[in-house]
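A.B. asks: This is the structure I have questions about; it appears just below.
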Amino acid sequence: MNTTDPAFESRLKDSAVATEALLVSLLSDQTLPDEVTRPAHLMAAMRHGSLNGGKRLRPFLLRESALLLGGNEQAAMRIGAALECLHCYSLIHDDLPAMDDDDLRRGQPTVHRAFDEATAILAGDSLLTYAFDIIAAPETALPDRAKTELVLALARAAGSGGMVGGQALDLAAEKSAPDEAGITTLQAMKTGALIRFACEAGAIIAGADQEHRQRLRKFGQVIGLAFQLADDLLDITSDAETMGKATGKDAARGKGTLVAMHGTGWAEEKLDALTAEAVDLLAPYGEKAFILQQTARFIASRQN
Ligand code: GRG
């Protein structure tokens, strides 16, 4: 399945450019009150780990979910930037020697390679905390109640019952292979929780009622599973392309996934089914949901 929709592709690109610009501004030295000192090398490491060409998919989902329900675009951009800071922290920490021990991320040296391990840990820590700063800051034009709901939802999506918990389960899975239900839970937490938050946050920003909020949350949950399945398929394809050059670590990456368990044919059918489910979930919104429905198709067909 492919989107091949130039209007969609250019909207996604414009959103990524706008998110990049906002992140540049938020990570400049001028953003916090004058009395706050931020060490230059720490700021440089934070920038290195976040201003380096990510797809900015989560901010896009968040903005489009907010716009679908009539939410404020500028506020959605700021919450999207906060979410991206938190996502980048997870990538910096995931690359550390104690985790995946990767040398490259988005085609550039990982933060611990470009700086050092301690600085990478701290850069991740400060991107994580900065996410909550951005949400609560006076510049974020949202009612206090919406800010509190966003802080709570993001803390739950990112913490021990969400992304970090999923990472812990993933590390444990290296010793005791989980079954299909275990893999699905792990992936829904590790990768799915932030994607689900992106969609639910749009509803919170728009002040939508529980029915809309649950619908967007479910949409996020379904495309989150599709995102991970597409990622696992891409890993297998890239391993096949680099056959003979793969390291032991590369070979281990494909293991413990639903693709390894059921094969690529099953995974492609499952991706189609998840995409159809996601598209159906937004059918009640009619034409207004087209961009988010295209995003679901894009996630299933993405090539990087
Ligand atoms: C270490 C706290 C902690 C958590 C790590 C998200 C995660 C948990 C690890 C990332 C490992 C990984 C590569 C998972 C596959 C799915 C994924 C999150 C890919 C990266 O997200 P993209 O494709 O990346 O949106 P860009 O670079 O576009 O932002």
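Every number in this text was worked out from the coordinates using simple rules, so none of it is lab data. Source: prediction; values computed, not measured. Note that we place each Cβ from the backbone using ideal geometry, even for glycine, and neighbour counts take in every protein chain shown.
A.B. asks: Taking the Cα-to-Cβ direction at Arg156 and at Glu35 and moving 7 Å from each Cα, how far apart do the two end points lie in nm?
C.D. replies: Computed distance between label sites Arg156 and Glu35 equals 3.5 nm.
A.B. asks: Could you rank the peptides 204-216, 265-277 by their average count of other C-beta atoms within 10 Å per residue, with the highest value first?
C.D. replies: Going by the mean number of other Cβ atoms within 10 Å, highest first, we get 204-216, 265-277.
A.B. asks: Which pairs, out of Lys190/Lys218; Lys13/Lys190; Lys175/Lys270, put more than 22 Å between their alpha-carbon atoms?
C.D. replies: Over 22 Å Cα-Cα: Lys13/Lys190; Lys175/Lys270.
A.B. asks: Only helices at least 20 Å long along their axis, Cα-based, and averaging 0.0 or more on Kyte-Doolittle count here, so list those DSSP H runs from the chain.
C.D. replies: 6-26, 73-94, 117-136, 144-158
A.B. asks: Over the chain, with a Gaussian network built from C-alpha contacts below 10 Å, which listed residue (Glu200, Glu73, Glu139) shows the highest mean-square fluctuation?
C.D. replies: Glu139
A.B. asks: Considering only C-alpha atoms, what is the centroid distance from region 1-43 to region 125-199, in Å?
C.D. replies: Result: 20 Å between the Cα centres.
A.B. asks: Continuing with this model, one more query. Could you give P(r) for region 46-170, binned at 5 Å from zero, as whole percent values over all Cα-Cα pairs?
C.D. replies: All Cα pairs, binned at 5 Å, distribute as 2, 11, 20, 22, 19, 14, 8, 4, 1 percent.
A.B. asks: Based only on Cα atoms, what mean projected area does the convex hull of region 140-228 have, in nm²?
C.D. replies: Average projection, Cα convex hull of region 140-228: 5.9 nm².
A.B. asks: Kindly state, to the nearest 0.05, the FRET efficiency for Thr4 paired with Arg145, given R0 = 41 Å and r defined as their beta-carbon distance.
C.D. replies: Rounded to the nearest 0.05, the efficiency is 0.50.
A.B. asks: Follow-up. Out of Pro178, Pro143, Pro33, any idea which swings most in a Gaussian network model of the chain, alpha carbons joined below 10 Å?
C.D. replies: Largest GNM mean-square fluctuation: Pro33.
A.B. asks: Net charge around Val222, counting only other residues with Cβ within less than 14 Å of its Cβ (Lys, Arg = +1; Asp, Glu = -1)?
C.D. replies: After counting each charged neighbour, the total is +2.
A.B. asks: Using the beta-carbon distance between Asp280 and Gln74 and R0 = 45 Å, what value does 1/(1 + (r/R0)^6) give for FRET efficiency, to the nearest 0.05?
C.D. replies: Efficiency at R0 = 45 Å is approximately 0.90.
A.B. asks: Can you put Asp34, Asp170, Asp95, Asp116 in order of Cβ neighbours within 10 angstrom, beginning with the fewest?
C.D. replies: Asp34, Asp116, Asp170, Asp95
A.B. asks: Contour minus end-to-end for Ala136 and Gln303, with contour as 0.36 nm per residue of separation and end-to-end as the Cα-Cα distance?
C.D. replies: Computed gain between Ala136 and Gln303 is 56.6 nm.
A.B. asks: Now, a different point. State, to one decimal in nm², a quarter of the convex hull surface area for the C-alpha atoms of region 6-301, i.e. the direction-averaged projected area.
C.D. replies: 15.4
A.B. asks: So for Lys288, Lys175, fewest C-beta neighbours within 10 Å to most, what's the order?
C.D. replies: Lys175, Lys288
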